[in-house]
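S.K.: I have a structure here, written as structure tokens, and I will follow up with some questions on it.
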Amino acid sequence: MGERDRRRAVVTGGAGFVGSHLCERLLEDGLAVTAVDNLLSGSEGNLAHLLGRDGFAFVRRDACAPGALENLPGGPFDLVFHLACPASPADYLRLPLETLETGSSGTRNALELAERDGARMVLASTSEVYGDPREHPQREDYWGHVNPVGPRSVYDEAKRYAEALVTAHRRARGTDTAIVRIFNSYGPRMRAGDGRAVPTFVRQALAGEPLTVAGDGGQTRSLCYVDDTVAGIVALAGSDLPGPVNIGGEEETTVLDIARRIVKLTGSASPITFVERPGDDPARRCPDTSLAREKLGWAPRVGWQEGLERTIDWFARRAAA
């Protein structure tokens, strides 16, 4: 295959947790990849192993700025993945206006790039569009139960607006778009201090600190290892489905059980303590992934024990270094 025949993708938020794994997967699949990130919540270290690799380019740029996605190296593009957005509570509470901008201006810029290049655009949305759900498990046709002025609203509503913008662009301009709703993902390259359960518990367990479980720990989550999350995103990109499509783990478990599993797998003597539960923290979270299974042939492959062992090993090696 000649260089001009190689398919090309741009990934906003490419230096983030999921974004960096997506860049890696796309390169493995033979695509040329341009990653765009302003490093507000991402890290160039997540891409260190890709820098200098044939077909890969990194551009430090704010995807929300006017013209930010014009004249990028590696274009024109066949695929546009819009993953840029602070995704952890610690980040979006610290960067509320920037979070809203990525859902609005950033999404618009990604759509305009896709329209110019005739590319397929994939929006990384989130299970948070369902809010604190009154339907369980959550199907794509559920409208959600979201507090538009609550502490989590900057993230929830940024993604809900982004979905509306993508849908309107598709209807009004015929842009080839898709929406993937990503549920709780975990794995290597998460930041230890990003506020999410798995990296927080792993860091605390490895350090011999108490694991801080919010509330009574009875709220549920469904974890999906990052390789499976990325496989779902890639499968949707390669289809003609507009979405939204749920991608996430199918085993629902409590936050307290996640903490206990991590204590056991690390061999830690850390106790579990309970702290105040954040406002609007969802009580239950589990996707109905029937659509992804039926239309994309996708299903999670990495079980929770294998995934947590890989994640713990990565954090342990980082701590030792």
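The values are calculated or read from the model by the stated rules, or taken from the named source; none is laboratory data. Keep in mind that what you see is a predicted model, and the values were worked out from it rather than measured. Here the Cβ is made from the backbone with ideal geometry for all residues, glycine too, and neighbour counts use every protein chain on show. With ligands, DNA and RNA removed, areas are computed over all heavy atoms of the protein, side chains included. Shrake-Rupley method; radii C 1.70, N 1.55, O 1.52, S 1.80 Å.
S.K.: Please list, in chain and number order, the residues 5+ apart from LEU211 or on another chain whose amide H is under 5 Å from its amide H, with Hs placed from the backbone.
M.R.: ILE272, THR273
S.K.: Once you place label points 7 Å from the Cα toward the Cβ at GLN305 and SER105, how far apart are they in nm?
M.R.: With each label placed 7 Å out from Cα toward Cβ, I get 4.9 nm.
S.K.: How high is the relative contact order of the range 162-230, given as a whole-number percent (alpha carbon pairs under 8 Å, six or more residues apart)? Could you put the intermediate results ahead of the total?
M.R.: On the way: 44 pairs, mean separation 22.3, N = 69.
In percent, rounded to a whole number, it is 32.
S.K.: Let me check the size of the chain from its C-alpha atoms; what are the radius of gyration and Dmax in Å?
M.R.: Cα radius of gyration and Dmax of the chain are 18.9, 58 Å respectively.
S.K.: Once phi is turned into ³J(HN,Hα) by the Karplus curve 6.51 cos²θ - 1.76 cosθ + 1.60 with θ = phi - 60°, what whole-Hz value does each residue of the range 151-164 show in order, with x for glycine and proline?
M.R.: With the stated coefficients, the range 151-164 comes to x, 9, 5, 4, 7, 4, 6, 4, 6, 5, 5, 4, 4, 5 Hz.
S.K.: How much of the accessible area of the chain, in percent, comes from carbon and sulfur atoms when a 1.4 Å probe is used?
M.R.: Details: 6710 of 13840 Å².
Whole-percent figure for carbon plus sulfur exposure: 48.
S.K.: Now a separate question. Using Cα atoms only, what is the angle between the long axis of helix 107-117 and the major principal axis of the chain, expressed in degrees (0 to 90) to the nearest 10?
M.R.: Here the helix axis deviates by roughly 40 degrees.
S.K.: Restricting to Cα pairs below 8 Å that are 6+ residues apart, what does the relative contact order work out to for the chain? Please round to a whole percent.
M.R.: Relative CO of the chain lands at 16 percent.
S.K.: Rolling a 1.4 angstrom probe over the protein heavy atoms, how many square angstrom per residue are accessible across the range 66-133?
M.R.: 34
S.K.: From a point 7 Å beyond the Cα of ARG318 in the direction of its Cβ, which residues of the range 265-285 have a backbone N at a distance under 17 Å?
M.R.: 266
S.K.: Taking every pair of distinct Cα atoms and averaging 1/r, then inverting, what Kirkwood hydrodynamic radius in Å comes out for the range 200-289? Show your work: numbers first, answer last.
M.R.: Working: mean 1/r = 0.0675 Å⁻¹.
Answer for the range 200-289: a Kirkwood hydrodynamic radius of 14.8 Å.
S.K.: For Cα pairs less than 8 Å apart in space and 6+ apart in sequence, what is the mean separation divided by the residue count of the range 191-300, i.e. the relative contact order in percent? Walk me through the numbers on the way to the answer.
M.R.: Details: 164 pairs, mean separation 44.8, N = 110.
Averaging sequence separation for qualifying contacts and normalising by length gives 41 percent for the range 191-300.
S.K.: At 0.36 nm per residue, and after removing the present C-alpha to C-alpha distance, how many nm does the segment from ALA214 to PHE274 gain when stretched out fully? Working shown, then result.
M.R.: On the way: separation 60, 0.36 × 60 = 21.60 nm, distance 0.57 nm.
Contour length minus the Cα-Cα distance gives 21.0 nm.
S.K.: Across the range 187-195, in residue order, what do the Karplus-derived ³J(HN,Hα) couplings come to in whole Hz, using 6.51 cos²θ - 1.76 cosθ + 1.60 with θ = phi - 60° and x for Gly and Pro?
M.R.: x, x, 5, 5, 7, 4, x, 7, x
S.K.: Could you work out how far apart the two model spin labels at ALA48 and ASP141 are, taking each label as a point 7 Å from the Cα in the direction of the beta carbon, and quote it in nm?
M.R.: In this crude spin-label approximation the distance works out to 4.9 nm.
S.K.: Name the long-range amide H neighbours of ASP132: under 5 Å, sequence gap of 5 or more, or other chain; modelled H, no Pro or chain starts.
M.R.: So ASP132 has HN proximity to HIS145, ASN147.
S.K.: Follow-up question, since we're still on this one. State in Å² the accessible area per residue of the range 138-294; use a 1.4 Å probe, count heavy atoms of protein chains only, and round to the nearest integer.
M.R.: Working: 6600 Å² over 157 residues.
In whole numbers, the range 138-294 has 42 Å² accessible per residue.
S.K.: In sequence order, what are the phi-derived ³J(HN,Hα) couplings for the range 86-94 according to the Karplus relation 6.51 cos²θ - 1.76 cosθ + 1.60 with θ = phi - 60°, rounded to whole Hz, with x for glycine and proline?
M.R.: Per residue, the Karplus-derived 3J(HN,Hα) values read x, 10, 9, x, 4, 7, 6, 6, 7 Hz.
S.K.: Angle between the Cα long axis of helix 17-28 and the longest principal axis of the chain, 0 to 90 degrees, nearest 10?
M.R.: Computed tilt is about 50 degrees.
S.K.: Nearest 10 degrees, 0 to 90: what angle lies between the long axis of helix 197-207 and the longest principal axis of the chain (Cα atoms)?
M.R.: Value to nearest ten degrees: 50.
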